[in-house]
Amino acid sequence: MSRVRVIHGWKNLAASDRGAAVAMGNFDGIHRGHQKVIALAAEAARELACPLGVITLDPHPRVYHRPHEPAFQLMKRDQQARALEALGVDILYVLPYGELAEVSDRDFAARVLHEGLGVRHVALGFDNSYGKDRTGTPESMRQYGKELGFGVSVAAEVTDVHGEKFSSTAVREALREGRPDEAARILGRPFAIEGEVQRGRQLGRKLGYPTANVGLDDYVVPKFGVYATRTRLPDGRKLPGVANIGVNPTVDGVIEPRLEVWLFDFDEDIYDQVIETDLAHFLRPELKFDSLDAMVVQIDADVREAKAKLGV
């Protein structure tokens with residue numbers, strides 16, 4: 001459980017939940033570009049001796065405006081809170097986008113940031129836009145800060161050695177193309193799927209590879225295939241394994257794509273528990289086999305390759 005306080009909304013907040021230096025953005029993934037924005041807010045929080053906060057929106061504006069597009073999110077809220085805790089964040093403000101979609105950028109600064117949250121400082125990215133029709137800019141935020149009495153800092157673009165911008169879009173593209181190592185480079189940590197272990201058909205157990213099955217929910221769907229993984233259990237243990245993401249076409253498939261992870265040297269009942277699985281290495285695409293025997297032969301090979309990749 002994260003120690004970050006999660007505050008929903010901006011109205012009628014307690015004094016202890018106001019007056020922070022905040023980083024503002026969607027922060028889906030909290031990649032290295034996002035971390036730069038949060039670092040600017042952290043610097044202001046230290047100078048002002050006030051809490052460090054992060055503002056995000058729920059739902060993500062893309063979900064609100066384009067609800068029928070494929071799932072694309074990179075983390076669940078509790079994963080987000082844990083990642084923010086690691087960066088020293090005290091408060092996560094989750095603002096209801098449905099109430100804010102028609103609010104002008106000036107009203108957002110005045111009513112939400114100044115009057116509601118009582119912010120001392122706002123940090124935002126160089127390309128951040130806010131308010132109705134996304135008319136607000138970092139420069140207009142600087143002006144609102146001068147008028148309303150809070151500081152503003154703007155994070156410059158963060159790029160890799162090749163000049164590519166770190167972005168959530170780039171993370172999604174890497175995952176969809178089966179490049180979890182590239183996604184991890186942008187994020188600063190592996191992409192991880194968290195969810196409750198579901199009861200399946202027990203076929204893996206009969207074949208000698210009992211898997212923990214987890215739905216993908218609203219996550220971006222990585223390339224179907226087999227991955228070397230590391231999985232965190234509720235008790236804190238982190239275990240190496242091998243996983244398939246997809247619909248398992250050899251055994252008539254499943255309707256919704258899911259993660260099926262086999263943990264090495266592990267035989268405990270973890271049904272209904274929440275686990276989190278890092279995708280460390282992509283091994284091969286998902287295949288349809290002529291028989292279960294052929295599938296087991298390939299799984300044996302996958303396990304050997306995963307152990308080699310993970311160094312176990």
Which one is modelled with the lowest pLDDT, of the residues in the stretch 143-158 that are surrounded by 13 or more Cβ atoms within 10 Å (Cβ to Cβ) and not aliphatic (A, V, I, L, M)? Glu157
Being in contact (Cβ under 8 Å) with a residue 24 or more places away in the chain, under 30 Å from Tyr64 (Cβ atoms) and surrounded by 19 or more Cβ atoms within 10 Å (Cβ to Cβ) is the requirement here; does Gly246 meet it? yes
Among the residues in the stretch 208-215, are any in contact with a Lys or Arg (Cβ under 9 Å, 6 or more places away or on another chain), outside the structural domain of Ala39 (by TED's automatic domain parsing) and under 17 Å from Ala71 (Cβ atoms)? yes
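For (1) out of contact with any helix residue (DSSP H, G or I) (no Cβ under 9 Å at 6 or more places or on another chain); (2) polar (S, T, N, Q); (3) buried (at least 19 other Cβ atoms within 10 Å of the Cβ), each residue gets a yes or a no:
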| position | (1), (2), (3) |
| --- | --- |
| Phe27 | no, no, yes |
| His31 | no, no, yes |
| Leu40 | yes, no, yes |
| Glu43 | yes, no, no |
| Val54 | no, no, yes |
| Pro61 | no, no, no |
| Ala81 | yes, no, yes |
| Val94 | no, no, no |
| Gly116 | yes, no, no |
Which listed residue, of Ser168, Ser129, is at pLDDT below 95, over 21 Å from Leu48 (Cα atoms), under 20 Å from the mean Cα position of the chain (by Cα) and of a type in the set (Ser, Thr, Tyr): Ser168
Would you be able to tell me the number of residues in the stretch 64-75 that are farther than 22 Å from Ala39 by Cα and either free of Cβ contacts under 8 Å to residues at least 40 places away in the same chain or buried (at least 18 other Cβ atoms within 10 Å of the Cβ) (or both)? 8
Restricting the stretch 11-52 to residues that are of a type in the set (S, T, N, Q) and touching a residue at least 12 places away in the same chain (Cβ under 8 Å), the one farthest from Met141 (Cα to Cα) turns out to be Gln35
Test set (1) closer than 24 Å to Pro70 by Cα; (2) at pLDDT 95 or above - Ala301 fails condition number: (1)
Under 7 Å between Cβ atoms, which residue pairs at least 6 apart in sequence (or on different chains) link something in the stretch 82-99 that is part of a helix (DSSP H, G or I) with a partner that is surrounded by fewer than 18 Cβ atoms within 10 Å (Cβ to Cβ) and not β-branched (Val, Ile, Thr)? Arg82/Ser2; Glu85/Ser2; Glu85/Arg3; Tyr97/Asp58; Tyr97/Pro59; Tyr97/Pro61; Tyr97/Tyr64; Gly98/Tyr64
Condition check: touching a strand residue (DSSP E or B) at 6+ places or on another chain (Cβ under 8 Å), among the aliphatic types (A, V, I, L, M) and closer than 28 Å to Thr169 by Cα. Does Leu52 satisfy that? yes
Strands (runs of 3 or more DSSP E) wholly in the stretch 1-65 with at least 1 residues that are more than 17 Å from Leu124 (Cα to Cα) and in contact with a His (Cβ under 9 Å, 6 or more places away or on another chain) - which ones? 52-58
Consider the stretch 136-185. How many of its residues are assigned to a loop (DSSP other than H, G, I, E, B) and either out of contact with any Ser or Thr (no Cβ under 7 Å at 6 or more places or on another chain) or aromatic (Phe, Trp, Tyr) (or both)? 15
Quick test for you: out of Ala71, Ala86, pick the one residue that is at pLDDT below 95, closer than 28 Å to Arg176 by Cβ and aliphatic (A, V, I, L, M). Ala71
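The values are calculated or read from the model by the stated rules, or taken from the named source; none is laboratory data. Since the model is a prediction, treat every value here as computed from it, not as a measurement. Note that we place each Cβ from the backbone using ideal geometry, even for glycine, and neighbour counts take in every protein chain shown.
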